[in-house]
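Notes to accompany the following structure.
The values are calculated or read from the model by the stated rules, or taken from the named source; none is laboratory data. Everything numeric here is computed off the predicted structure, so don't read it as measured data. Because the Cβ atoms are built from the backbone with ideal geometry, glycine has one as well, and the counts that use them run over all protein chains shown.
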Protein chains: 2
Amino acid sequence: MPKDGAPTRTRILDSAERLMLQRGFAATSVDEVIADSRSSKGAFFHHFPTKNDLGRALVARYAAADVEHLETFMTAAEAEIADPAGQVIAFIRLFEEAADEIVAEQPSCLYVSFIYDRQLTEDGTTEMIVDAIVAWRDLLRAKLQAAADLHPPSSDIDLQDLADHVFVTFEGAFILARSLQDPSHMRRQLALLRGLLELLFDVPSKATTSPRTLTRRSRDRPRQ
Amino acid sequence: MPKDGAPTRTRILDSAERLMLQRGFAATSVDEVIADSRSSKGAFFHHFPTKNDLGRALVARYAAADVEHLETFMTAAEAEIADPAGQVIAFIRLFEEAADEIVAEQPSCLYVSFIYDRQLTEDGTTEMIVDAIVAWRDLLRAKLQAAADLHPPSSDIDLQDLADHVFVTFEGAFILARSLQDPSHMRRQLALLRGLLELLFDVPSKATTSPRTLTRRSRDRPRQ
DNA sequence: TTTTTAGCAGACCGTTTAGTCTGTTTCAAG
DNA sequence: CTTGAAACAGACTAAACGGTCTGCTAAAAA
């Protein structure tokens, strides 16, 4: 076998992800990706026959990492506490603690960038995104169902919608953070969501709600 | 004065809005807009010197309608009930009732489409979006503050973040509805948000929670 | 050593794109 | 009735774009 092409492929994917998260898919030219990744026309079209192929590969990698993130954090939450409601809340808190880092290296969500951008929704690209979203909603709905069975929530709320609301909060927070150019909104919105879930399932909010983020929360918030 | 150009201008804006909400800004060519609006190159560039000018005009119109929508519904909610907490909840319910119609005629939010799409964020385009978002968060924060002063919420929650969460829910629901190709998610997420607010402010959920939408809510929701 | 092939470089090409230019029509002011 | 300017219509253009093609290089197989 000849020289290994994997590093080049990865470099192209990395550049494309960075640029397309900023500018969108259609607004990013392959020439820009080539320049940013310091490769060439030949290298690019050797690894990706068309620009759409790059898009598909990008979404595939992104969605896989996303679902793995989901499962990793849920497993960690399960190891932390036995109660399903507590697990969901711990799960949110884990993302909360990682929020600043996530937003720093990813100013927005690739899903949105592609769903709002693409003219070619008939490529299987969208389906991969749907699969990832379904993974989120299914896993969270199961957890919430278990939580509701153990200690029934204080309000009559649809559990599937509540599971979806976690995803909704993520995506909405990405948009808010990007619009207002304030990355802290991701952490803040997740903290709010956790608070609402604690209220709903009557789980006492720990006094130690991620202390190292509390110090950063001095802001222009007019609390009176 | 010569012939009135306003109708042509409006037709171009309407076509552009429709197409760009579907495909994004960069992915929509001016030729497509011209064809869809049955105008011409001459007409287009007479009204909009550049494509970016069209984008700016589009956002200006969209944001103005959005803020007007916000104020109209809040005024209606204020006429309906005196209690600030009740007003916020009535406000959400009004959007809930309009949700199906809104999503039907607008499959997504132009803000996102432009914030995720644009290479030229230095046009004042983004600033108009920020202004609209600020209108939302300011108005809602004021209401929530008044509500919290009257009957303190059952949980310690940041009111600015809670105000922002309304916007977050809208944007996230747009994305969810579009991704899963199920417009009902907008209404469902708004209903969920209303339920959480009712719980937080201890406002009893009316038995008559928009009865005509209740009949439509038969779905695959596994409630057991 | 020779051959083969993946990996890559970059000139090149046809199409699409945003934007221009030269008109023609409409309509109100003078 | 003439004029002048806004409101178009549509051929045209320069640049950018996605994609092709030819050829070179490295390294493993024969």
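Return yes when A:ALA146 is surrounded by fewer than 19 Cβ atoms within 10 Å (Cβ to Cβ), assigned to a helix (DSSP H, G or I), touching a residue at least 40 places away in the same chain (Cβ under 8 Å) and under 13 Å from the mean Cα position of the chain (by Cα) and no when it is not.
Working: surrounded by fewer than 19 Cβ atoms within 10 Å (Cβ to Cβ): yes; assigned to a helix (DSSP H, G or I): yes; touching a residue at least 40 places away in the same chain (Cβ under 8 Å): yes; under 13 Å from the mean Cα position of the chain (by Cα): no.
Criteria not met by A:ALA146.
Would you say A:VAL67 is away from DNA strand D (no atom under 13 Å from the Cβ), within 25 Å of B:SER29 (Cα to Cα) and not polar (S, T, N, Q)?
Details: away from DNA strand D (no atom under 13 Å from the Cβ): yes; within 25 Å of B:SER29 (Cα to Cα): no; not polar (S, T, N, Q): yes.
No, not satisfied.
Would you check which residues across segment B:169-197 are hydroxyl-bearing (Ser, Thr, Tyr) and either in a loop (DSSP other than H, G, I, E, B) or closer than 18 Å to B:LEU140 by Cα (or both) and list them?
Our first condition is that a residue be hydroxyl-bearing (Ser, Thr, Tyr); within segment B:169-197, this holds for B:169, B:179, B:184.
B:THR169, the sole residue that qualifies.
For (1) in contact with a Lys or Arg (Cβ under 8 Å, 6 or more places away or on another chain); (2) away from DNA strand D (no atom under 12 Å from the Cβ); (3) at pLDDT below 95; (4) closer than 30 Å to B:LEU150 by Cβ, each residue gets a yes or a no:
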site: B:ARG9; (1), (2), (3), (4): no, no, no, no
site: B:THR28; (1), (2), (3), (4): no, yes, no, no
site: B:PHE48; (1), (2), (3), (4): no, no, no, no
site: B:ALA60; (1), (2), (3), (4): no, yes, no, no
site: B:PHE73; (1), (2), (3), (4): no, yes, no, yes
site: B:ILE89; (1), (2), (3), (4): yes, yes, no, yes
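Which ones in segment A:49-62 are surrounded by 20 or more Cβ atoms within 10 Å (Cβ to Cβ) and either within 16 Å of DNA strand C (Cβ to nearest atom) or in contact (Cβ under 8 Å) with a residue 60 or more places away in the chain (or both)? It would help to see each step written out before you state the result.
Narrowing segment A:49-62 to residues surrounded by 20 or more Cβ atoms within 10 Å (Cβ to Cβ): A:54-55, A:58-59, A:62.
Selection gives A:LEU54, A:GLY55, A:VAL59.
Here is a yes/no grid of residues against (1) of a type in the set (Ser, Thr, Tyr); (2) closer than 19 Å to B:GLU171 by Cα; (3) part of a helix (DSSP H, G or I):
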| position | (1), (2), (3) |
| --- | --- |
| A:ASP100 | no, no, yes |
| A:SER113 | yes, yes, yes |
| A:ARG118 | no, yes, no |
| A:THR121 | yes, no, no |
| A:THR126 | yes, yes, yes |
| A:ILE129 | no, yes, yes |
| A:VAL134 | no, yes, yes |
| A:ASP138 | no, no, yes |
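Mind checking which residues of segment B:33-48 are surrounded by fewer than 16 Cβ atoms within 10 Å (Cβ to Cβ) and not small (Gly, Ala, Ser)? Full working, then the answer.
So the first thing to find is which residues in segment B:33-48 are surrounded by fewer than 16 Cβ atoms within 10 Å (Cβ to Cβ), and the list is B:35, B:38, B:40-42, B:45-46.
Selection gives B:ARG38, B:LYS41, B:PHE45, B:HIS46.
Look through B:ALA142, B:ALA132, B:ALA163, B:ALA146 and report the one residue that is within 11 Å of another protein chain (Cβ to nearest Cβ) and farther than 20 Å from A:GLN181 by Cα.
Step by step, each of B:ALA142, B:ALA132, B:ALA163, B:ALA146 is checked, and only B:ALA142 is within 11 Å of another protein chain (Cβ to nearest Cβ) and farther than 20 Å from A:GLN181 by Cα.
I'm trying to understand the selection: among the residues of segment A:1-45, which are within 9 Å of DNA strand C (Cβ to nearest atom), part of a helix (DSSP H, G or I) and of a type in the set (Gly, Ala, Ser)?
Those that are within 9 Å of DNA strand C (Cβ to nearest atom), part of a helix (DSSP H, G or I) and of a type in the set (Gly, Ala, Ser): A:ALA6, A:GLY42, A:ALA43.
Does B:PHE95 qualify as being part of a helix (DSSP H, G or I), more than 16 Å from DNA strand C (Cβ to nearest atom), buried (at least 20 other Cβ atoms within 10 Å of the Cβ) and not polar (S, T, N, Q)? Walk me through how you get there before you give the answer.
On the way: part of a helix (DSSP H, G or I): yes; more than 16 Å from DNA strand C (Cβ to nearest atom): yes; buried (at least 20 other Cβ atoms within 10 Å of the Cβ): yes; not polar (S, T, N, Q): yes.
It is true that B:PHE95 is part of a helix (DSSP H, G or I), more than 16 Å from DNA strand C (Cβ to nearest atom), buried (at least 20 other Cβ atoms within 10 Å of the Cβ) and not polar (S, T, N, Q).
This table checks each residue for (1) within 14 Å of chain B (Cβ to nearest Cβ); (2) more than 16 Å from DNA strand D (Cβ to nearest atom); (3) at pLDDT below 95; (4) within 29 Å of B:PHE114 (Cβ to Cβ).
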residue: A:ARG23; (1), (2), (3), (4): yes, no, yes, yes
residue: A:LYS41; (1), (2), (3), (4): no, no, no, no
residue: A:LEU54; (1), (2), (3), (4): no, no, no, yes
residue: A:ALA98; (1), (2), (3), (4): no, yes, no, yes
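How many residues does segment B:128-138 hold that are in contact with a helix residue (DSSP H, G or I) (Cβ under 6 Å, 6 or more places away or on another chain) and touching a residue at least 40 places away in the same chain (Cβ under 8 Å)?
Count: 5.
If B:GLN189 passes every condition in (1) loosely packed, with under 15 Cβ neighbours inside 10 Å; (2) modelled with pLDDT of 95 or more; (3) within 7 Å of chain A (Cβ to nearest Cβ) but one, which one does it miss?
The number of the failed condition is (1).
Give segment B:102-129 a look and list any residue that's of a type in the set (Gly, Ala, Ser) and either loosely packed, with under 15 Cβ neighbours inside 10 Å or more than 10 Å from every other protein chain (Cβ to nearest Cβ) (or both), or say none.
Residues of segment B:102-129 that are of a type in the set (Gly, Ala, Ser), as a first pass: B:104, B:108, B:113, B:124.
Selection gives B:ALA104, B:GLY124.
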